[in-house]
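J.: I am attaching a structure below and will ask some questions about it afterwards.
The values are calculated or read from the model by the stated rules, or taken from the named source; none is laboratory data. Computed from a predicted structure; not experimentally measured. Counting neighbours? That spans all protein chains shown, and the Cβs are built from the backbone with ideal geometry, glycine included.
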């Protein structure tokens, strides 16, 4: 690969973006660009499953599907938190700290019956 070609690509995509693909070793410009393109292809290949997961989950939750009857609800909750971890450990920590699923799920229906009995 010609040096001038890599320089023009770097200027177009940004030096900062491409440099992250060569930080761990003394990668050649060709390897850096190949890593970038490979990462692009991997991200592209994950787009459909991520989108399907997001749409399915959104439809189930926001269209009032009765998720309380799912036999694997706890496992799905754990998996959701793990998927967040794949994106970011910090985001997972935040989601974990904000998460009220276990408390609400284990309390069952009684607190909600109590809420409506007072009206």
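J.: What about residue 33, is it in contact (Cβ under 8 Å) with a residue 24 or more places away in the chain and in the same structural domain as residue 99 (by TED's automatic domain parsing)?
T.: no
J.: Pick out, from segment 6-91, the helices (runs of 4 or more DSSP H) lying fully within it that include 2 or more residues that are over 23 Å from the mean Cα position of the chain (by Cα). Steps first, please.
T.: Numbers: elements: 15-19, 29-62, 73-87.
Because the criterion is at least 2 residues that are over 23 Å from the mean Cα position of the chain (by Cα), the helices (runs of 4 or more DSSP H) in segment 6-91 that meet it are 15-19, 29-62.
J.: Still on this structure, please answer the following. Report, by residue number, each residue of segment 67-105 that is at pLDDT below 85 and out of contact with any helix residue (DSSP H, G or I) (no Cβ under 9 Å at 6 or more places or on another chain).
T.: Within segment 67-105, just 69 meets the criteria.
J.: Determine, yes or no, whether residue 11 is surrounded by 10 or more Cβ atoms within 10 Å (Cβ to Cβ) and within 30 Å of residue 106 (Cβ to Cβ).
T.: Details: surrounded by 10 or more Cβ atoms within 10 Å (Cβ to Cβ): yes; within 30 Å of residue 106 (Cβ to Cβ): no.
Against the criterion (surrounded by 10 or more Cβ atoms within 10 Å (Cβ to Cβ) and within 30 Å of residue 106 (Cβ to Cβ)), residue 11 does not qualify.
J.: Looking at segment 92-119 only, could you name the residues that are outside any helix (DSSP H, G or I) and either in contact (Cβ under 8 Å) with a residue 60 or more places away in the chain or within 21 Å of the chain's Cα centre (by Cα) (or both)? Steps first, please.
T.: Keep residues of segment 92-119 that are outside any helix (DSSP H, G or I), which gives 99-100, 108-109, 118-119.
Passing the criteria: 99, 100.
J.: Taking the condition under 24 Å from residue 83 (Cα atoms), at pLDDT 85 or above and not assigned by TED's automatic domain parsing to the domain that holds residue 101, does residue 41 pass?
T.: Numbers: under 24 Å from residue 83 (Cα atoms): yes; at pLDDT 85 or above: yes; not assigned by TED's automatic domain parsing to the domain that holds residue 101: yes.
Spelling it out, residue 41 is indeed under 24 Å from residue 83 (Cα atoms), at pLDDT 85 or above and not assigned by TED's automatic domain parsing to the domain that holds residue 101.
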